[in-house]
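The structure appears below as C-alpha cells.
The values are calculated or read from the model by the stated rules, or taken from the named source; none is laboratory data. Everything quoted here is computed from the prediction, not taken from an experiment. Heads up, the Cβs are rebuilt from the backbone with ideal geometry, glycines too, and the neighbour counts pull from every protein chain shown. Surface areas here come from the heavy atoms of the whole protein model, side chains and all, with no ligands, DNA or RNA. Shrake-Rupley method; radii C 1.70, N 1.55, O 1.52, S 1.80 Å.
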Amino acid sequence: MEKHVVVIYPHPDDESFGAAGTIAQFRTQGVSVTYLCGTLGEMGRNMGNPPFANRETLPEIRKQELIEACKVLDMELSMLGYRDKTLEYEDRQEVAMHLKSILDEMEPSLVITHYPGYAVHPDHNALGAAAIEAVKLMEPGKRPTVWAQAFSNNFKEALGQPDINNDISDQIDKKIEAIFCHDSQAGGVISQRNKTENNKIDLKAEAQKQMGQEQFYTWDFNS
Ligand SMILES: [Zn+2]
C-alpha cells in the first residue's frame, strides 16, 4: 500500500485525462494524493465556443476548473507556478532541484509523471524529465517509485508494453466528472450547453471503451 502519491504534470486537465481513475482508486484506499500542477495552461487555445474567456481571464478560469477537478478527485493541489508552453525552455536542473525540494518534504512513496520523449507535448516531456531527474537526485534509499505515462502514437513499439495496467472501470464516473470540470478545454464536446445527461451517457460508453485502463511504466533508475 502506498503512503503518499504525488502526481506531477504540467497542465490543468492532464491529471483528469491521464490518471483520474488511478488517483480515485488510491483515494478509496485512503492513500493521500497531491497534484503538483506545473502551469495554469494559460496559453491554451480553447476559449470556449462561443468564447467565454480571453487571454486575461483564461488562467483564472483554468485555475478554478483545476480546483474543482481536484475536489472531485479528493486530492490536494499545489501549483508550481511555471508558465505554460515555456517549460521546455526552463533550465532542467533548476526545475529538478525545485521539484526535489518539494519531494524531500512530502516524502511520497510514488510519483506519477509523463514519460519524457513519449508524452507528445513539449511541456509534458520537459516536466516529466525534470521530475525523473529530481528523484534521481534523491538518496537511493529515499527515492519514491516513479510511474511514467506515455501516449505518443508509437510508444508501445518503442517502449514495449507498460508494466502497470490499472483497470479503472470502477472509477469511470469519477474520471468523467473530473474531465467535465475542465470545460474550457473540452471544446464543443463538453461545452456547458451540451452538458446534458445524454451527453454524459455517450461519453461514459466511449470512456469505458477508450479509458477503462490507465497505463504506466515503472521507471528503472538502475539502467
Ligand atoms: Zn497537458
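Observations, loosely collected:
- Qualifying residue in segment 38-58 (condition: away from the ligand (no atom under 13 Å from the Cβ) and closer than 19 Å to residue 106 by Cβ): no
- Every condition in (1) within 13 Å of the ligand (Cβ to nearest atom); (2) within 24 Å of residue 3 (Cβ to Cβ); (3) part of a helix (DSSP H, G or I) is met by residue 71 except one, and the failing one is (1).
- Any hit, segment 162-179, residues being open to solvent by 30 Å² or more (accessible area, probe 1.4 Å), at pLDDT 90 or above and in a loop (DSSP other than H, G, I, E, B): yes
- Matching residues, segment 1-33, being assigned to a helix (DSSP H, G or I) and away from the ligand (no atom under 16 Å from the Cβ): 21, 22, 24, 25, 26, 27, 28
- A count restricted to segment 105-142 and to residues that are more than 16 Å from the ligand (Cβ to nearest atom) and either of a type in the set (S, T, N, Q) or open to solvent by less than 70 Å² (accessible area, probe 1.4 Å) (or both) stands at 11.
- Scoring residue 184 on the criteria (1) at pLDDT 95 or above; (2) assigned to a helix (DSSP H, G or I); (3) hydroxyl-bearing (Ser, Thr, Tyr) leaves a single failure, condition (1).
- Here residue 77 does not fit the description of being within 12 Å of the ligand (Cβ to nearest atom), under 16 Å from the mean Cα position of the chain (by Cα) and not in a helix (DSSP H, G or I).
- Looking only at segment 129-177, residues that are under 23 Å from residue 91 (Cα atoms) and free of Cβ contacts under 8 Å to residues at least 24 places away in the same chain come to 1 in all.
- Search result, residues across segment 74-89 that are closer than 15 Å to residue 4 by Cβ and not acidic (Asp, Glu): 75, 77, 78
- Of note, residue 1 satisfies the criterion of being among the aliphatic types (A, V, I, L, M) and over 20 Å from residue 149 (Cβ atoms).
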